[in-house]
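Novice: Sharing a structure below in structure tokens format, with a few things to ask.
Each reported figure results from applying straightforward, stated rules to the coordinates on display, with no laboratory input. Here the structure is a predicted model, which is why all the values come from computation and not from measurement. Positions of Cβ are backbone-derived with ideal geometry, glycine not excepted, and every protein chain shown enters the neighbour counts.
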Amino acid sequence: MSSSSLKEIVYMLLMCVPIGFTVTYGVLASLTGTSPRAIGRFMAMNKDLVIVPCHRVVSSRGLGGFTLGTEFKRRLLELEGALNGRELRVIRTVDEFWSLLEELGSEPLYVDV
């Protein structure tokens, strides 16, 4: 699979993360069979910040980075309800990712690669 195909799959999965939630680099990496560092590189390459909500991808230890700065990322997450003080609503496992989508009524995303 090409790097650009993988990036598109990562972006599609990220667009499934609902407003009010975040997901770790590690979960996206597990879902796509790549590394958290690769996910970080894909987030840094994102030119469509309004469409692909890369601010919802966080480190397992906190906010992680953001092209427009971590304070801007913090404010976006606060506005969306994903960050309350220091408390983040984080999807931390692959099972939790799929369970949340199922609970919210989203159809599972199947990608033919």
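Novice: Can you compute the modelled spin-label distance between residue 5 and residue 60, with each label point 7 Å from Cα toward Cβ, in nm?
Specialist: So the two model labels end up 2.9 nm from each other.
Novice: Using helices alone, I'd like the mean residue ellipticity at 222 nm for the chain: each DSSP H run of four-plus residues gives -39500 (n - 2.57), total over residue count, nearest 500. Walk me through the numbers before you get to the answer.
Specialist: Working: 5 runs with 52 residues, N = 113.
Only helices count here, giving -13500 deg cm²/dmol.
Novice: Would you please name the chymotrypsin sites (Phe, Trp or Tyr not before Pro) within the stretch 16-113 that are DSSP coil residues with at most 16 other C-beta atoms within 10 Å of their C-beta? The partial results should precede the final answer.
Specialist: Working: sites: 21, 25, 42, 66, 72, 97, 98, 110; in loops: 21, 66, 110.
For chymotrypsin sites (Phe, Trp or Tyr not before Pro) across the stretch 16-113 that sit outside H, G, I, E and B with at most 16 neighbouring Cβ atoms in 10 Å, the list reads 110.
Novice: Can you compute the equivalent ellipsoid semi-axes for the chain, i.e. the square root of 5 times each eigenvalue of the Cα gyration tensor, sorted largest first and rounded to whole Å? Please list the in-between numbers first.
Specialist: Working: eigenvalues 84, 58, 30 Å².
Each semi-axis is the square root of five times an eigenvalue, giving 21, 17, 12 Å.
Novice: How high is the relative contact order of the chain? Use alpha-carbon pairs under 8 Å, at least six apart in sequence, and give a whole percent. Spell out each step's value before the answer.
Specialist: On the way: 119 pairs, mean separation 35.5, N = 113.
Relative contact order here is 31 percent.
Novice: Amide H to amide H under 5 Å from residue 58: which residues, 5+ apart in sequence or cross-chain, H placed 1.01 Å off N in plane?
Specialist: Here 23, 24, 25 satisfy the definition.
Novice: Label points 7 Å out from Cα along the Cβ direction at residue 104 and residue 15: separation in nm?
Specialist: It is 1.4 nm.
Novice: Treat every Asp and Glu Cβ in the stretch 17-113 as -1 and every Lys and Arg Cβ as +1, leave all other atoms uncharged, and give the resulting dipole magnitude about the Cα centre to the nearest 20 debye.
Specialist: Numbers: 11 positive and 11 negative charges, 126 e Å.
Roughly 600 debye for the stretch 17-113.
Novice: If we count other beta carbons within 10 Å of each Cβ, what is the order of 102, 96, 87, 80, fewest first? The partial results should precede the final answer.
Specialist: Numbers: 102 11, 96 14, 87 8, 80 17.
Ascending Cβ contact count within 10 Å gives the list 87, 102, 96, 80.
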